[in-house]
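Peer 1: The following block contains the structure, expressed as structure tokens.
The values are calculated or read from the model by the stated rules, or taken from the named source; none is laboratory data. Since we're looking at a predicted model, the values are computed, not measured. Note that each Cβ is placed from the backbone with ideal geometry, even for glycine, and that neighbours are counted across all protein chains shown. Protein only, heavy atoms only, side chains kept; ligands, DNA and RNA dropped before computing areas. Shrake-Rupley method; radii C 1.70, N 1.55, O 1.52, S 1.80 Å.
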Amino acid sequence: MTMRRALWICGLAVLAASTGCAAARNTRLQDLSRFPVLSRIRVVSWATLPVSERTLQILRQHGMDGDLTEDPQRTLSRVQAIIEEEPNPETIYAYAELSYQYAKRLQADNPRLALDLYGGAVLHAYQYLFDPRFTPTRNPYDPWFRGACDLYNAALEGALRIVCVRTGLQPGTTYTIVTANGTWDLTCVLREARWDPRDFGRFEFVSDYRLQGLRNHHVGYGLGVPLIAVRRSYPDEPSVAKYYPPNLSFPVTVFLRPYPHVDTDHARSDIRRAAALELYDPIMTSDVKLGNLRVPLQTDLTTPLAAFLSNPALGRSLRNVSLLQPEQLMSLRPGSDKPIMGLYMVQPYDPNRIPVIFIHGWRSTPMTWIQMFNDLRSSPLIREHFQFWFYLYPTGQPFWISAAQLRRDLYEFRQTMDPSFNRPTMDQMVLIGHSMGGLVAELQTMESGQLFWDLVSDRGFEEVRAAPATLAELRELFFFHPNPSVRRVITIATPHQGTPYSNELTQRLAGRLISIPQQVAEFQKVLLNDNRDLLRSNNLIKYRHSVDALAPDCPIFTAMRQAPRAPWTTYHNIIGTVSKPSLFATWPGDNDGIITRESGHAPHAATELTVSAEHTVIHMHPLAILEVKRILLEHLREYLGQDHMNLAEATATREETAAIDRAIQTIPAIWESAEETPRVRRLPPTGSLFMRP
């Protein structure tokens with residue numbers, strides 16, 4: 001490499017470091033030790049088996065003081081005999097605790113017996129919690145009640161770990177365990193989820209990891225074991241599978257439910273029983289129904305999300321690829337006929353949920369949205385009514401080319417999933433764009449007329465000399481209609497009038513280092529060589545890369561301001577400002593370090609919020625996230641209307657919106673004061689979000 005080229009690379013590296021839109025915390029997942037059951041209850045040791053004082057008391061009352069050192073099955077059979085003779089919740093709890101502790105002690109040497117013991121612990125904890133015979137006297141304030149919940153979750157996790165190692169957890173499979181109260185057939189079934197049973201490749205346990213770097217870790221407390229499910233590909237996949245990234249991770253909660261037996265005797269040990277290992281998608285449901293009860297599930301939405309957005313296919317290395325070598329994003333995804341660029345989904349398409357599409361900015365990837373996506377999904381209302389997709393595109397090419405590609409991808413998706421155009425939620429689409437992604441989003445809602453072609457030539461399009469394929473591509477770029485499906489656009493730190501960062505120096509740097517896709521380069525060459533007499537001297541086809549395209553004097557910004565916008569689309573805008581200018585931003589006046597306040601302003605927006613944050617992190621700022629949440633709830637209210645919202649939904653929407661409005665008034669001061677603390681002052685550079693140590 002010559003010294004001259006090395007200097008050019010260093011220059012663009014400085015530019016990219018100061019202006020990239022992919023800032024995100026480095027989130028790691030680290031091993032954690034198993035959580036202790038009943039940590040709130042004093043535990044003593046008896047014959048090397050740790051049990052609670054209350055369990056020891058039950059054993060003493062039945063003359064079983066020395067039985068803990070004997071065969072576990074014999075000890076538990078004696079306890080079960082007591083339960084059969086005189087059903088009592090305290091004895092049932094004692095069985096669950098003993099069985100769990102025996103399983104822990106034997107797991108390494110005898111995993112098959114440990115599986116039986118863990119299963120017995122789960123089933124007895126379930127009986128303690130839900131046996132209707134004990135309902136009149138059941139006390140949820142008793143530490144044993146809370147301990148039974150812990151026992152249920154911990155014992156179920158222990159059993160699942162053995163299953164995953166021995167045979168694997170798979171819907172449709174039956175596992176048999178033997179306990180002191182009979183033989184149980186546990187069948188794994190998929191409940192209230194849109195996933196196909198064949199989608200489940202492998203499982204990992206969220207309790208093995210600890211997130212670092214995400215501000216918020218959203219969990220739901222209840223019963224069950226949260227897992228990370230890793231999707232696998234298989235023959236004859238549904239058409240939607242082409243929108244899944246490789247090794248997609250998604251949340252699952254496992255709940256063990258015993259089936260009621262035709263024999264009303266709860267205690268007999270001489271019969272064969274059945275239970276279901278139920279797999280729930282916590283995006284779809286957060287609780288289960290047990291008789292007249294609604295029991296909350298233990299859920300974790302954040303850890304599987306970090307696993308997905310840390311996928312190398314969407315992560316840090318792709319930022320530079322999308323900028324400097326955009327053609328690589330046009331290569332095909334592994335095992336697919338679709339290019340790497342395009343729409344990505346993190347859950348199955350749901351015709352009853354409104355699509356929200358995140359569009360990243362310059363030198364960025366979908367990974368940049370993890371903070372906002374994580375917090376938006378924490379709202380039950382948003383989780384129930386919206387589905388989130390991500391758009392990945394080459395940021396090195398002019399943004400109007402990316403806009404044309406998104407236009408084509410959205411049409412293809414609609415043709416694939418809703419060819420009859422009869423699903424109303426598809427016509428309520430929301431686009432959220434950060435930085436240059438906001439320009440890509442807005443171009444989906446404009447009527448081109450002749451405005452954009454006039455930036456290329458003052459002659460009629462029919463006079464252009466080119467092959468039919470080239471003419472079709474050219475027409476796609478400069479002649480388009482607003483997408484009838486897009487009902488709302490949210491732009492964040494978007495350069496509506498370009499950015500001063502695009503200047504003669506940076507344009508020269510970018511021109512030397514950004515490799516224009518061969519298809520685009522050939523397209524430009526043919527048009528420029530064969531149609532010189534038709535083209536304007538400063539036409540849009542000459543803009544070879546995104547840095548050129550973002551120059552304040554680029555004529556496309558004038559055309560975008562003049563173009564008619566879809567009357568059915570509502571716009572919202574978020575602007576950033578910083579009190580201290582960036583190291584590289586020397587222009588005067590309000591700015592976010594990359595674009596001026598004037599350029600960030602959107603006169604066509606119904607609402608506009610100013611946030612005290614830098615350009616690269618504004619979409620991670622709590623105030624910006626709350627504003628997006630408020631807009632989505634407003635969108636939901638307008639779509640459903642009072643006539644179609646039940647009382648609970650209407651009340652919840654109203655209360656959550658009011659809470660957001662109050663928070664928006666207080667967060668600026670809180671955030672600014674936090675800026676003084678080095679730990680939260682600035683987000684570290686983007687790194688892997690999901691990593692085993």
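Peer 1: Quickly run through region 240-264 and pick out the residues that are open to solvent by 60 Å² or more (accessible area, probe 1.4 Å) and at pLDDT below 90.
Peer 2: If the condition is that a residue be open to solvent by 60 Å² or more (accessible area, probe 1.4 Å) and at pLDDT below 90, then 247, 260, 261, 262, 264 are the ones that fit.
Peer 1: Right, next: Test each condition in (1) under 27 Å from residue 149 (Cβ atoms); (2) among the basic types (Lys, Arg); (3) modelled with pLDDT of 90 or more for residue 232 and report the one that comes out false.
Peer 2: (1)
Peer 1: Give the residues of region 551-584 that are in contact with a Ser or Thr (Cβ under 6 Å, 6 or more places away or on another chain) and at pLDDT 95 or above, sorted by residue number.
Peer 2: 565, 566, 569, 572, 573, 575
Peer 1: For region 527-564, how many residues are in a loop (DSSP other than H, G, I, E, B) and polar (S, T, N, Q)?
Peer 2: The qualifying residues number 4.
Peer 1: So, one more: So the check is Cβ under 9 Å with 6+ separation or different chains; which pairs have a first residue in region 425-452 that's over 18 Å from residue 572 (Cα atoms) and among the β-branched types (Val, Ile, Thr) and a second one that's open to solvent by 10 Å² or more (accessible area, probe 1.4 Å) and in a helix (DSSP H, G or I)?
Peer 2: If the second residue must be open to solvent by 10 Å² or more (accessible area, probe 1.4 Å) and in a helix (DSSP H, G or I), the pairs left are 425/385; 425/639.
Peer 1: Could you check how many residues of region 199-233 are open to solvent by 30 Å² or more (accessible area, probe 1.4 Å), of a type outside the set (S, T, N, Q) and either in a loop (DSSP other than H, G, I, E, B) or at positive phi (or both)?
Peer 2: Residues flagged as open to solvent by 30 Å² or more (accessible area, probe 1.4 Å), of a type outside the set (S, T, N, Q) and either in a loop (DSSP other than H, G, I, E, B) or at positive phi (or both) within region 199-233 amount to 6.
Peer 1: Buried (at least 18 other Cβ atoms within 10 Å of the Cβ), at pLDDT below 70 and of a type in the set (Ser, Thr, Tyr): does that describe residue 673?
Peer 2: no
Peer 1: Any idea which residue in region 585-603 is nearest to residue 624 (Cα to Cα), counting only those that are out of contact with any Pro (no Cβ under 6 Å at 6 or more places or on another chain), open to solvent by less than 60 Å² (accessible area, probe 1.4 Å) and at pLDDT 95 or above?
Peer 2: Among those residues, the one meeting the criterion is 600.
Peer 1: List the number of the failed condition for residue 166; all other conditions in (1) at pLDDT below 95; (2) over 19 Å from residue 184 (Cα atoms) hold.
Peer 2: Looking at each condition in turn, residue 166 falls short on (2).
Peer 1: Checking residue 110 against (1) of a type outside the set (Asp, Glu); (2) surrounded by 17 or more Cβ atoms within 10 Å (Cβ to Cβ); (3) free of Cβ contacts under 8 Å to residues at least 24 places away in the same chain, which test does it fail?
Peer 2: Unmet for residue 110, out of (1) of a type outside the set (Asp, Glu); (2) surrounded by 17 or more Cβ atoms within 10 Å (Cβ to Cβ); (3) free of Cβ contacts under 8 Å to residues at least 24 places away in the same chain: (2).
Peer 1: Out of curiosity, is residue 519 touching a residue at least 40 places away in the same chain (Cβ under 8 Å), part of a helix (DSSP H, G or I), surrounded by fewer than 21 Cβ atoms within 10 Å (Cβ to Cβ) and at negative phi?
Peer 2: Yes; evaluated as a whole, the condition is true for this residue.
Peer 1: Report yes if some residue within region 471-494 is touching a His at 6+ places or on another chain (Cβ under 9 Å), touching a residue at least 24 places away in the same chain (Cβ under 8 Å) and over 20 Å from residue 395 (Cβ atoms); otherwise report no.
Peer 2: Within region 471-494 (the criterion being touching a His at 6+ places or on another chain (Cβ under 9 Å), touching a residue at least 24 places away in the same chain (Cβ under 8 Å) and over 20 Å from residue 395 (Cβ atoms)), the answer is yes, since at least one residue qualifies.
Peer 1: State all residues of region 417-467 that are farther than 25 Å from residue 634 by Cβ and open to solvent by less than 10 Å² (accessible area, probe 1.4 Å); if no residue qualifies, say none.
Peer 2: Listed by number, the residues that qualify are 436, 448, 452, 453, 456, 457.
Peer 1: Of the residues that make up region 162-178, is at least one farther than 22 Å from residue 233 by Cβ, touching a residue at least 24 places away in the same chain (Cβ under 8 Å), open to solvent by less than 40 Å² (accessible area, probe 1.4 Å) and not aliphatic (A, V, I, L, M)?
Peer 2: Checking region 162-178: at least one residue is farther than 22 Å from residue 233 by Cβ, touching a residue at least 24 places away in the same chain (Cβ under 8 Å), open to solvent by less than 40 Å² (accessible area, probe 1.4 Å) and not aliphatic (A, V, I, L, M).
Peer 1: Which one of the conditions (1) more than 20 Å from residue 241 (Cβ to Cβ); (2) at pLDDT 90 or above does residue 349 fail to meet, given that it meets all the rest?
Peer 2: Every condition holds for residue 349 apart from (1).
Peer 1: Does region 495-507 hold any residues that are in contact (Cβ under 8 Å) with a residue 60 or more places away in the chain and open to solvent by less than 60 Å² (accessible area, probe 1.4 Å), and which are they?
Peer 2: 495, 496, 498, 499, 500, 501, 506 - these are the residues of region 495-507 that are in contact (Cβ under 8 Å) with a residue 60 or more places away in the chain and open to solvent by less than 60 Å² (accessible area, probe 1.4 Å).
Peer 1: What number of residues in region 90-133 are under 37 Å from the mean Cα position of the chain (by Cα) and assigned to a helix (DSSP H, G or I)?
Peer 2: Looking only at that region, the number is 25.
Peer 1: Pick out the one residue from 390, 421 that is assigned to a strand (DSSP E or B) and in contact with a helix residue (DSSP H, G or I) (Cβ under 9 Å, 6 or more places away or on another chain).
Peer 2: After applying the criteria, what remains is 390.
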